[in-house]
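Single-structure report; data block below.
The values are calculated or read from the model by the stated rules, or taken from the named source; none is laboratory data. Note that this is a predicted model, so its numbers are computed, not measured. Cβ: placed from backbone, ideal geometry, glycine included. Neighbour counts: every protein chain shown. SASA here: full protein model, heavy atoms, side chains in, ligands and nucleic acids out. Shrake-Rupley method; radii C 1.70, N 1.55, O 1.52, S 1.80 Å.
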Amino acid sequence: MTKSANLETIAAAYGVAADKAFGAVTPPIVLSSTFTFAGFDQPRAHDYSRGANPTRQMLAEALARLEGGAGAVVTATGMAAVDLVLSILRPRDLVVAPHDCYGGTYRLLAARGERKHFDVAFVDLNDDEALAAALRRRPALVLIETPSNPLMRVYDIRAIAAQAHERGAKVAVDNTFLSPALQQPVALGADFVIHSTTKYLNGHSDVVGGAVVAASETDADALSAWANIAGVTGAPFDSYLTLRGLRTLFPRIRQQQASADSVARFLERRPEVAAVHYPGLASHPGHAAASRQQSGFGAMLSFELAGGVEAVRRFVGAVQVFTLAESLGGVESLIAHPATMTHVGMAAEARRVAGIGDGLLRLSVGLEAEADLIAGLEAGFDALGGMAGG
Ligand code: PLP
């Protein structure tokens, strides 16, 4: 098994050639739900797969290494990973969350807040005064999602984590949009890193899964215990596929990001586009912060069509190569309309406050040839002929 600390080597080779039973090069999948005891009162390393499974454990170890954490828990979905972090909260504890977070995260926080499982304050984390006011309430947890979904706002992890820690709060960063290939929140001060492994880590749109990496062993053990109690751990087969997807994380994201950069520059030149949200553009308000804390700008972007919802209808009906579907981070390019798809779980007023307009479209740039990606978008623009801004 590799001992290298190089992240690309960990992703490509963690667990390779480590099989003791058959000398299998590829780590075998262990589907068994239960494991033999060596004898009376002599459990082995694994007893029951809800709590511990060798295949899931291998993925968890690889993710913990990639994120620079002490341990990780692999969950059944990304939402289960978010909820696992929320399990540290008690009634009347406060969680500060971004006002423009992923719609499912918003919905979960709002629903648990309403049931009084804890209190929630949705805050614009780039508004220094609003953040300071929220931190004066001494939250137990500050949740950061950067770049944010779908507006690609960038939040300064190091600065927010330092302020949150001063007030005694733990800090969790949802790193789904970049993956550890491009951003490592633990090194910037995060206590927890959340992933929807459904996205870049698996990368092939054939698994729904999640993970939480904890910076400290104590937190990792506590989350692992709760994941077993609540029964939210991931399935071995999903873990096997995700580990297989992880092997190519770095080359995938390198190429996808190069194409995303070209797509962003293409969109910036189109008269039908009112705004392009991609942190790699010098015009993006988070460009400097992203350059500091990320090692690349990623392959997600969003843009606003000047013609509003009618332009969106025509565009998504005509666009080629980009498939109209939710999710992101796969090898295939996807286009989504946040207001009616990914962020429908957010009330219209909350979407308005977050700045998620009806003309906004989100792109997940895949591995197709760059020329085809641009041609596919051109087909969408052709369908706008004669419309306002078009
Ligand atoms: N976090 C972010 C940033 C997401 O984009 C998503 C899903 O789109 C999730 C969490 C939830 O993940 P899952 O769909 O795997 O439950």
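Annotations for the structure displayed:
- Surface composition of the chain: carbon plus sulfur atoms contribute 53% of the solvent-accessible area (1.4 Å probe, protein chains only, all chains present).
- Taking every DSSP helix (H) stretch of at least 4 residues in the chain, weighting each as -39,500 (n - 2.57) and dividing the sum by the residue count yields a mean residue ellipticity at 222 nm of -11000 deg cm²/dmol.
- Each peptide among 13-19, 71-77 gets the average number of other Cβ atoms lying within 10 Å of its residues, and from highest to lowest they stand as 71-77, 13-19.
- Under the Karplus curve 6.51 cos²θ - 1.76 cosθ + 1.60, θ = phi - 60°, whole-Hz ³J(HN,Hα) for the stretch 160-172, x wherever Gly or Pro sits: 5, 4, 4, 5, 5, 5, 4, 8, x, 8, 7, 10, 10
- Modelled FRET efficiency - R0 30 Å, His204 with Ala258, Cβ distances, 0.05 increments: 0.95
- What the Cβ-Cβ distance of Arg265 and Ser32 gives, at R0 = 56 Å and to the nearest 0.05, is a FRET efficiency of 0.65.
- Take the chain with all the other protein chains still there, run a 1.4 Å probe, and you get 41 Å² of accessible area per residue.
- Treating r as the C-beta distance of Ser283 and Lys116 and R0 as 45 Å, the FRET efficiency rounds to 0.55.
- A full extension of the chain between Glu129 and Asn228 corresponds to an added length of 31.7 nm, given 0.36 nm per residue minus the alpha carbon distance.
- Most fluctuating residue given options Phe40, Phe118, Phe177, as computed from a GNM of the chain linking Cα atoms under 10 Å: Phe40
- Length added when fully stretched, Phe40-Glu61, from 0.36 nm per residue minus Cα-Cα: 4.6 nm
- Note that the stretch 16-26 has calculated 3J(HN,Hα) couplings of 5, 6, 9, 6, 8, 6, 10, x, 4, 6, 7 Hz, one per residue in order, obtained from phi through the Karplus relation 6.51 cos²θ - 1.76 cosθ + 1.60 (θ = phi - 60°); glycine and proline are x.
- Shape class of the stretch 252-390 from the Cα gyration tensor (axes a ≥ b ≥ c, square roots of the eigenvalues): rounded, since a/c falls below 1.5.
- In this structure the amide hydrogen of Asp119, modeled in the peptide plane, comes within under 5 Å of the amide hydrogens of Arg92, Asp93, Leu94, Val95, none closer than 5 places in sequence on its chain.
- For the stretch 241-251, putting each phi into the Karplus relation 6.51 cos²θ - 1.76 cosθ + 1.60 with θ = phi - 60° gives couplings of 5, 5, 5, 5, x, 4, 3, 10, 3, 5, x Hz, in residue order, rounded to whole numbers and with x for Gly and Pro.
- Long-range amide H partners of Thr26 with built H, under 5 Å: Ala17
- Using the average count of surrounding beta-carbon atoms within 10 Å as a protection proxy, the listed peptides 363-373, 186-196 rank, highest first, as 186-196, 363-373.
- Angle between the chain longest axis and helix 217-230 axis [Cα atoms, degrees, rounded to 10]: 90 degrees
- Under 5 Å from the amide H of Thr198 lie the amide H atoms of Gly78, Gly209, each residue being 5 or more positions distant or on a separate chain, with H modelled from the backbone and absent for Pro and chain starts.
- For the listed peptides 240-248, 97-105, a ranking on the average number of other beta carbons within 10 Å per residue, highest first, reads 97-105, 240-248.
- A convex hull fitted to the Cα coordinates of the chain yields 136 cubic angstrom per residue.
- A Gaussian network model of the chain, with springs between Cα atoms under 10 Å, assigns the largest mean-square fluctuation among Asp93, Asp41, Asp238 to Asp41.
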